[in-house]
Every structure is written in C-alpha cells, then in structure tokens.
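*Asks:* Sharing a structure, written as structure tokens. Questions coming.
The values are calculated or read from the model by the stated rules, or taken from the named source; none is laboratory data. Here the structure is a predicted model, which means the values were calculated and not measured. Reconstructed Cβ throughout: ideal geometry from the backbone, glycine too, with neighbour counts over all protein chains shown.
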Amino acid sequence: MKILLVEDEPDLGASIVRKLHQEKYIVDWIQDGNEAWCCLDAKWTEYTVAIFDWLLPGMSGIELCKRLRLRSNSLPVLMLTAKDSMTDKVTGLDAGADDYLTKPFGMAELLARLRALQRRSPNFQAQELQVGNLILDYANYTLYYQNLNGDKAKINLTKKEFHLLEYFMKRPNTIVTRDQILNHIYSLSAERVSNVVAAQVRLLRRKLSEYNCEGLIETIPSMGYRFNPSNAN
C-alpha cells in the first residue's frame, strides 16, 4: 500500500512517516500543496490513500480535495487539522475528504482510520494475492510457494522484494519499465541509484529460483521486465 502524505509540520510529518514505515507502508511525503497537486496530477493511481493537512503552503488540503473530486477522482482522503468545530468538519467532508482526524491524535487511531479507508479504496487488496503457484500474504508480508499437491513453502522476502513481486503479480504478462517500478517501490525522498531495480530483480529471482521459478520475471531488452506466471512449475 502506497500513501501520499501532505504535511508541512516537520516533526509531525517525520513521526507519521516513521510509523507508516514500521507498518510496511510505502510513503511519499510532500510539504507543499502545489507540489502535492503536481504529484497527484501525474501519478495518483499509484496511491491507495492520501493524507492531507488542512493548512498547507501553496495550496490547502481543502483545495486539493476539491480538485480531486472535480476530476471524479475517488482516491480516499484523510484530512488532518487542528480545526475541530462542527462547521470545519462539515467543510472538510463537503470538499471531498472521506475522513477527518483532529490534531493532536494518536498513531493507533491514525492507523485504524487508514485501514478503514483502505477497505474503501478502488485499489483495495484482499488479504491474499495468488497468481499461479505464488501466494502473497498481506497480513504477514510473506510469500508462499504452493506445489501441485497443495503444500506450501514459505519464502522470506524483504519489504522491497515483497512490493516488487506484488507489482509484478498484479500485472501478469505486461511489460513494465524501470521507471514505473521505481515510482511504485520507492518513495519520492528515497535515494535512487541507477542499478537499484536490476539489483532488486536479481535478488528476487535468486529466491524464486530455489523453487524452480527462474523464468517468472523475464527481461525485455531496452524495455523493462515482464512477469510470466506460465513459467512457474
């Protein structure tokens, strides 16, 4: 699950990002409303949920919500604000926010509200994703290989390997580019070295090869990669 956080308070933003990373979420943290809109305008489909602060430099969270809804964009939005009057809450909800959290708040409540919004998301994922012999367990961030007898073997993956394989499994037989993978797997603030995708693919292939799945991730010269589930045994 990838979250767009738009929060200009450095300490609060850093705390939220830290907690979301602990919960295995991928997070893009932006501190300016105009920059956030440019990001949403270009790649909103990459996000499962957005968190907007109400008061932001450049463009307010309210204006961000309004622009999304004017484009019939259904991305779930959680609004953060110190404004706690009933009128303010109505204003936020009428602008297009799906939920409202008043500052100060506890991280446990933030996570619970995100889980609720995730269930409403158009990109909502079930507890498991199965393609061919591979099963991704979202509850435990675990990959299982299931043989023809129905027996399952656990394959330990890192966080990035898990998200990389998830990205491939959701796009079977589709060529995806290096840049598409980078945008999905890494946050905007992450350091992006030139060979990071190739390195992650190589590590993932090595683990899959232990279960005779060497050909699952194909390299398409000058284009990118393709996940071919028919190559699984």
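*Asks:* Closer than 28 Å to residue 129 by Cβ, assigned to a helix (DSSP H, G or I) and under 19 Å from the mean Cα position of the chain (by Cα): does that describe residue 40?
*Replies:* Working: closer than 28 Å to residue 129 by Cβ: yes; assigned to a helix (DSSP H, G or I): yes; under 19 Å from the mean Cα position of the chain (by Cα): yes.
Considered against the rule, which asks whether it is closer than 28 Å to residue 129 by Cβ, assigned to a helix (DSSP H, G or I) and under 19 Å from the mean Cα position of the chain (by Cα), residue 40 comes out as yes.
*Asks:* Name the single residue that is farthest from residue 164 (Cα to Cα) among those in segment 34-71 being of a type in the set (Gly, Ala, Ser) and surrounded by 22 or more Cβ atoms within 10 Å (Cβ to Cβ). It would help to see each step written out before you state the result.
*Replies:* Residues of segment 34-71 of a type in the set (Gly, Ala, Ser): 36, 42, 50, 58, 60-61.
Okay, now just the ones that are also surrounded by 22 or more Cβ atoms within 10 Å (Cβ to Cβ), so 36, 50, 61.
Numbers: 36: 24, 50: 21, 61: 31 Å.
So the residue we want is 61.
*Asks:* Let me ask something else. Just the residues that are in contact with a strand residue (DSSP E or B) (Cβ under 9 Å, 6 or more places away or on another chain) and basic (Lys, Arg), please, taken from segment 194-231.
*Replies:* Listed by number, the residues that qualify are 205, 207, 226.
*Asks:* Which one of the conditions (1) touching a strand residue (DSSP E or B) at 6+ places or on another chain (Cβ under 7 Å); (2) part of a loop (DSSP other than H, G, I, E, B); (3) free of Cβ contacts under 8 Å to residues at least 12 places away in the same chain; (4) not polar (S, T, N, Q) does residue 84 fail to meet, given that it meets all the rest?
*Replies:* Unmet for residue 84, out of (1) touching a strand residue (DSSP E or B) at 6+ places or on another chain (Cβ under 7 Å); (2) part of a loop (DSSP other than H, G, I, E, B); (3) free of Cβ contacts under 8 Å to residues at least 12 places away in the same chain; (4) not polar (S, T, N, Q): (3).
*Asks:* Turning to a different aspect of this structure: Taking residue 74 and the conditions (1) in contact (Cβ under 8 Å) with a residue 12 or more places away in the chain; (2) hydroxyl-bearing (Ser, Thr, Tyr); (3) surrounded by fewer than 17 Cβ atoms within 10 Å (Cβ to Cβ); (4) over 26 Å from residue 181 (Cβ atoms), which numbered condition does it fall short on, given that it satisfies the others?
*Replies:* Of (1) in contact (Cβ under 8 Å) with a residue 12 or more places away in the chain; (2) hydroxyl-bearing (Ser, Thr, Tyr); (3) surrounded by fewer than 17 Cβ atoms within 10 Å (Cβ to Cβ); (4) over 26 Å from residue 181 (Cβ atoms), only one is false for residue 74: (4).
*Asks:* Report, by residue number, each residue of segment 50-91 that is of a type in the set (A, V, I, L, M, F, W, C), under 20 Å from the mean Cα position of the chain (by Cα) and at pLDDT 90 or above.
*Replies:* Filtering segment 50-91 down to residues of a type in the set (A, V, I, L, M, F, W, C) leaves 50-52, 54-56, 59, 62, 64-65, 68, 70, 75, 77-80, 82, 86, 90.
Checking which are under 20 Å from the mean Cα position of the chain (by Cα) leaves us with 50-52, 64-65, 68, 75, 77-80.
Within segment 50-91, 50, 51, 52, 64, 65, 77, 78, 79, 80 qualify.
*Asks:* Please tell me if residue 43 is farther than 13 Å from residue 4 by Cα and either among the β-branched types (Val, Ile, Thr) or in contact with a helix residue (DSSP H, G or I) (Cβ under 8 Å, 6 or more places away or on another chain) (or both).
*Replies:* For residue 43, the condition - farther than 13 Å from residue 4 by Cα and either among the β-branched types (Val, Ile, Thr) or in contact with a helix residue (DSSP H, G or I) (Cβ under 8 Å, 6 or more places away or on another chain) (or both) - is not met.
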